[in-house]
1. Taking the Cα atoms only, what angle lies between the long axis of helix A:179-191 and the longest principal axis of chain A, rounded to 10 degrees?
2. Under 17 Å from a label point 7 Å along Cα→Cβ of A:K297: give me every residue in segment A:233-272 with its amide N that close.
3. Could you give the dipole magnitude of segment A:215-345 about its Cα centre, charging the beta-carbon of Lys and Arg +1 and that of Asp and Glu -1, in debye to the nearest 20?
4. Which order do peptides A:65-73, B:125-133 fall in by mean Cβ count within 10 Å, highest first?
5. How far apart, in nm, are the 7 Å Cα→Cβ label points at B:D142 and A:S282?
6. Have a look at A:R43, A:R79, A:R155 and tell me which one the Gaussian network model of chain A (Cα, springs below 10 Å) gives the largest fluctuation.
7. Can you give me the long-range amide H partners of A:D52? Hydrogens built in the peptide plane at 1.01 Å from N, cutoff under 5 Å, separation of 5 or more residues or another chain.
8. Under 5 Å between amide hydrogens, which residues at least 5 positions from A:T229 or on another chain qualify, with H placed 1.01 Å from N in the peptide plane?
Amino acid sequence: MNSTQLLQPMEQTESANKIPVEPILKVKNLKVHFPVKAGIMQRTTGYVKAVDDISFHVKRGETLGIVGESGCGKSTMGRSLIRLNEPTEGSIIFNGNDITAMSEKELRPLIRRKIQMVFQDPYASLNPRKSLGNTLNEPLRAHNLHGNQRERDERIKELLNVVGLHSSSMNHYPHEFSGGQRQRIGIARALVLNPDLIIADEAVSALDVSIQAQIINLLEDLQEQFDLTYIFISHDLSVVRHIADRVGVMYLGKLVELADKAELYVEPLHPYTKALLSAVPSIRSKGAQTRERIVLKGDIPSSINQPSGCVFHTRCPVRMEHCKVAIPTLKEVKPGHFVACHLYD
Amino acid sequence: MTLPNQVEFTNRPTLLEDHQLQPHDSIWRVMLRKYMSNKLAVIGAILLFIIIGSALFAPWLAPQDPSKQVLLDKLSPPGDKYILGADNLGRDTLSRLLYGARVSLLVGFASVAGSIFIGTVIGAVAGYYGGKLDAVLMRFVDAVISFPSLFLLITLVTIFEPSLMTLIAVFAIFGWTGTARLVRGEFLSLRSAEFVLAARTLGIRNSRIIFSHILSNAMGPIIVSATLGIGGVILAEAALSYLGLGIQPPIPSWGNMLQSAQNPQVMLGAWWYPLFPGFMILITVLAFNFVGDGLRDAFDPKIND
Ligand SMILES: Nc1ncnc2c1ncn2[C@@H]1O[C@H](COP(=O)(O)OP(=O)(O)OP(=O)(O)O)[C@@H](O)[C@H]1O
Ligand SMILES: [Mg+2]
């Protein structure tokens, strides 16, 4: 799908080209900082800036991939979008509703139905004490959907069919299923309330490669069937390349680049994206010409004591003097291609 | 586009995985199998079954009225008339052991029920909500733990005279701290478990998450600690009785039977007198511990059979 013309620039939303469809989700200057406490008095001595000033839009019907190394804040970002982690600053607007400060009661009829999540661990994400039927029944009851148990059972059976499980497995418990089957259950659970947006956080990372493919296919089929929008979080660049329409790259709590998949994988602009992509042999060899392997020196700085200026400057191969002091902002340097780097100022 | 990692993403339509499930294998059956594989736990369960059964049926099983005194028969050795001998007032030891079991077990079960309840509520609230509430509640737990409880116990029992109710209340009030810490720990780790996050994402209410999702998964450790706790209380009651502060005669408890045997004139030569109540305390506490260990393994999802 070509979504370039549907992209809105971050900062000039109003002035730029006409917006054909209102984005399903608008995230603006989102920050999630965790206080670091120390000593017997539990004084706050600093903050883990797990998500630091991130802005992006998610277009209805697309799959937005989010990639980045472990600990860069992908999960925290995904969770804060549904208020499982409380945003420290910024705003989250879903379908025109600002959900940033809503109470749980206000969230329930809205995002607790319309945004769902598929989790990473097929073992930890299912309650071992609940049968498959109970797991799927509970949300329907909580939202008073489908008047009676018979209708709910119908809905559950239909759902099991959709995700490729036998309806006879309703009375079985999680430990009786394989990893791939459990992930299907997790997907069925995410679908049970008819959501519009699904956040998949490393949804296939814990699975065998052959099963990954099945689950990815299932997710794609479901997207078509139910007009779903996905935010697909993964550290696996190849999987994201397959499923995403657009891809955002995170580094130390920041979104450093965001572009169409076709463009990002072939012509990355940010030095970090270049290095990240060059580390995957299959991607490196694919483009027009074989790219150099770029090996970054040093470790990822701790997210407690973040570097000044551009957070990437400590490891950047093309660092300039003012990168140490000036924080780059995410700018649209080509249509639909956003990058936060002083090289493109 | 070709894809890396030898992943074939093209085998559409989505294949059904081969999922022939085993004939319905409930978690309870798995747990039972794990429990039965622990020999000591099985022995413990059989012992408890017998002990609890004989306590329940004491009126039918006891050969005599436990408080009937036949002074002529005092300190009779085990024999035809008194299977396990008679005490210093000429009361039948077996009958007193049977009735004493009722008292000792009642104190054990009732005070542990109380302390588990208090500990679970406080631990669950602290662990689930965390933050300031957690800090305050845990300081309170520390305070209760560091309290000289034996001293307070002795004071309380002296003021309110050591009735069954006072003893149960005192054990419950001082026995909950371990449970509270345990339950708090369980809640702290389970509240960020993915299945709990999933429940929150689906709009399941907090009360339901606490009971139906978290508590049901923390039940194992709670039951284990309750089982071990009952043994502990029976032992503590015996210790208090030893100081003369436990259940007061003439009501028989294993503790006060043992205590009345400590009198040197009584003990001299009458080996059976302290032996039987002591043996019952030992066996019962051990049985509870074995059962507790067995339950711990049975509830532990990591130990697979
Ligand atoms: N509840 C929390 N309290 C304090 N720090 C946290 C909390 N949750 C996450 N962090 C920190 O925030 C940072 C980002 O974590 P996050 O789990 O979002 O990263 P991630 O990109 O999802 O990593 P991974 O690929 O390992 O899943 C990490 O440094 C982590 O230690
Ligand atoms: Mg993560």
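The values are calculated or read from the model by the stated rules, or taken from the named source; none is laboratory data. All values reported here derive from a predicted model rather than from experimental measurement. We place every Cβ from the backbone using ideal geometry, glycine too, and count neighbours over all the protein chains shown. Each accessible area value is taken on the protein alone, full model and side chains, heavy atoms only, with ligands, DNA and RNA left out. Shrake-Rupley method; radii C 1.70, N 1.55, O 1.52, S 1.80 Å.
1. 90 degrees
2. Residues A:272 qualify, since their backbone N sits under 17 Å from the label point.
3. Values: 15 positive and 15 negative charges, 148 e Å.
I would put it at about 700 debye.
4. Working: A:65-73: 21.6, B:125-133: 16.6.
So the order, starting with the most tightly packed, is A:65-73, B:125-133.
5. Label-label distance for B:D142 and A:S282, simple model: 5.3 nm.
6. Of A:R43, A:R79, A:R155, the most mobile in the Gaussian network model is A:R43.
7. Under 5 Å from the amide H of A:D52: A:V32, A:K254.
8. It is A:G61, A:L197, A:I198, by chain and number.
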